[in-house]
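The values are calculated or read from the model by the stated rules, or taken from the named source; none is laboratory data. Treat the numbers as computed from the prediction; the structure is a model and nothing was measured. Here the Cβ is made from the backbone with ideal geometry for all residues, glycine too, and neighbour counts use every protein chain on show. These area figures cover heavy atoms from the full protein model, side chains too; ligands, DNA and RNA do not enter into them. Shrake-Rupley method; radii C 1.70, N 1.55, O 1.52, S 1.80 Å.
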Amino acid sequence: MINWTDHLIILPILLPLFVGAAMLLIEERHQRIKAAANIVSIVIMGIVALLLMHAADAPAAAGGAAPIAVYRLGNWPAPFGIVLVVDRLSALMLALTSALALASATFALARWHRGGAHFHSLFQFLLMGLNGAFLTGDLFNLFVFFELLLAASYGLVLHGSGQARVRAGLHYIAINLAASLLFLIGVSLIYAVTGTLNMADLALRIPQVPVQDRALLEAGAAILGVAFMVKAGMWPLCFWLPTTYSAAAAPVAAIFAIMSKVGVYILLRLSLLFFGASSGASALFGNDWLIAAGIATIIFGLVGALASQEMSRLAGYAVLVSSGTVVAVAAAAGRATVTAPALFSLVSSTLAIAAFFMLIELLERGRDPGADMLAVTREAYGEDMPDDPDAEEIGLVIPASMAILGWCFVGCAAVIAGLPPVSGFIAKFAMLTALLEGDSAGGLPPLHWALLALLMLSGLTMLIALTRAGIRTLWTPTERADPRVRLVEIVPIALLLLGCASLTVQPRSAMSYMQGAADELHSPGAYTRSVLAPAETRVKTGGGS
């Protein structure tokens, strides 16, 4: 008998495909119908993701090993057929994508979904590509889903028009086309050496590659890694990201917060699956480069955050700091006990940054650019506001909308900077503790000590940058109109921050799930056995029949 969860695996791909295609047939003047279809589709995808998370983690309560569900299209066996695979990590990323998508799509209902043609269809196609990238079990279909999500993102980044968006969009398209070319070259080299593109099959064949072919294999893996580093926004391939994200519309930038995590997800997945401790002569290939790239990305992001005069660019640099932290920490120790808090940090920071992108749109309404420039000039030259002995105002009355936005800003800043006791602090404290445990097991190399120092410094640096931006936006006495905030705009931000609050209140259960996901990453035997299961056990591991 086939488990019902096995047939849910393909739904996050088929549902946005059919909904997005159907909305193309509806005229643009029927925006309400499109918006309703978009929201309903996202809600269903979120429910499916939660069910898959529950199924992936269900045996953990009984102390058993969690099943890895496999859906074989056409019931063709791997590695010959297309497979979709769900474990704890892929189910987690599906749920995170659905949460961000629901918040972004709801926020867009205020006005942004009318800013251009086919917004809701492009949004659904983007979700299809994201979900497919998290579920696919072979490199070729990973490329297909990457191109699908990128094609949809090209239209979304240009949504709303404007010179800044067009300029940033052209740069974004060019860099991603180059990354896609590298993707194809790397995949071609790997296929030439191993004769397969199925991830589980590659995990078994890579240790058996002859010595004379190993250089070609590692060259292909390195080129493939560079392509993923572009997607993840790793230094020095990240210069496009802050400009693109700051130029995009607020709901688009919010959902884009998960796109850089696709690259991070693939880097973690493939590096541990292909070049783990059991990969023979190629074990830990490129690991030191990932650590160095992660550290450099954190430094670049922190410097950029301090130099940013616009909050949208500050949020873009926060994305870089988040991606660099997860990659560097997960690659540094090579232990599941360190990867688990890194995944916790990935979820927490992604929720907060997405909320921050949408919050920036509301905070900047009614601002006077000339007054902002004057404030920056006074800050640069150390000039204070002139004293007026005849002034009658002792303080300023803060409107209710600004008070609510101010508290949301405090919540976003606390999570991004990692202030206690919020989820960002819990993640950072857990990462530092797990990294220091390596000292008792033989000492930490200098690069790891540098990472420890940088993790502590990053919190202080982001706090300084965010505090300065908050003071300039919320407390500087400049002439501005009170922002008009609709309920449909503030609720998505509050819900994302509520997600961070739930991680703060219940960190044990969340960290337990992350630990299970990290254990599966570092011990990929169950993954390979489930995907490559023989014919007589296929009905137990999933697949359409």
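Only one residue of 308, 125, 254 has its Cα farthest out toward the positive end of the dipole of the chain, where Lys and Arg carry +1 and Asp and Glu -1 on Cβ, and that residue is 125. 3J(HN,Hα) couplings calculated from phi for region 199-212 with the Karplus curve 6.51 cos²θ - 1.76 cosθ + 1.60 (θ = phi - 60°) are, in sequence order, 5, 5, 5, 4, 4, 7, 8, 4, x, 9, 5, x, 4, 5 Hz; Gly and Pro show x.
Farthest towards the positive end of the charge dipole of the chain, among the residues 189, 84, 33, is the Cα of 84, using unit charges on the Cβ of Lys, Arg, Asp and Glu. The string of couplings for region 297-302 from the Karplus curve (6.51, -1.76, 1.60, θ = phi - 60°) is 5, 4, 4, 4, x, 5 Hz, one whole number per residue in order, with x for Gly and Pro.
Which number gives the lysine pairs in the chain that have C-alpha atoms under 30 Å apart and are eight or more places apart or on different chains?
Lysine pairs, 8 or more places apart or on different chains, close enough: 5.
For the chain, with all protein chains present and a 1.4 Å probe, just round the carbon and sulfur fraction of the accessible area to a whole percent.
Values: 15220 of 22560 Å².
Carbon and sulfur together cover 67 percent of it.
So how do 407, 235 rank on accessible area, 1.4 Å probe, biggest first, that is with the largest at the start? Don't jump to the answer; show the numbers that get you there.
Details: 407 190, 235 100 Å².
From most exposed to least exposed: 407, 235.
Residues in the chain average 41 Å² of solvent-accessible surface per residue, probe 1.4 Å, ligands and nucleic acids excluded. In this structure residue 54 has an accessible area near 130 Å², from a 1.4 Å probe over the protein heavy atoms. For residue 276, the amide hydrogen comes within under 5 Å of the amide hydrogens of 284, counting only partners 5 or more places away or on other chains and with H modelled in the peptide plane. This model, with +1 at the C-beta of Lys and Arg and -1 at the C-beta of Asp and Glu, gives the chain a dipole about its Cα centre of some 1300 debye. Applied to region 249-258, the Karplus parametrisation 6.51 cos²θ - 1.76 cosθ + 1.60 on θ = phi - 60° returns per-residue 3J(HN,Hα) values of 4, 4, x, 5, 4, 5, 6, 5, 4, 8 Hz, with x for Gly and Pro. Amide hydrogen proximity for residue 419: with H placed 1.01 Å from N in the peptide plane, the residues at 5 or more positions away or on another chain lying under 5 Å are 425.
Ranked from the most accessible area to the least, with a 1.4 Å probe and all protein chains present, what is the order of 468, 205, 88?
Numbers: 468 60, 205 85, 88 20 Å².
In descending accessible area the options line up as 205, 468, 88.
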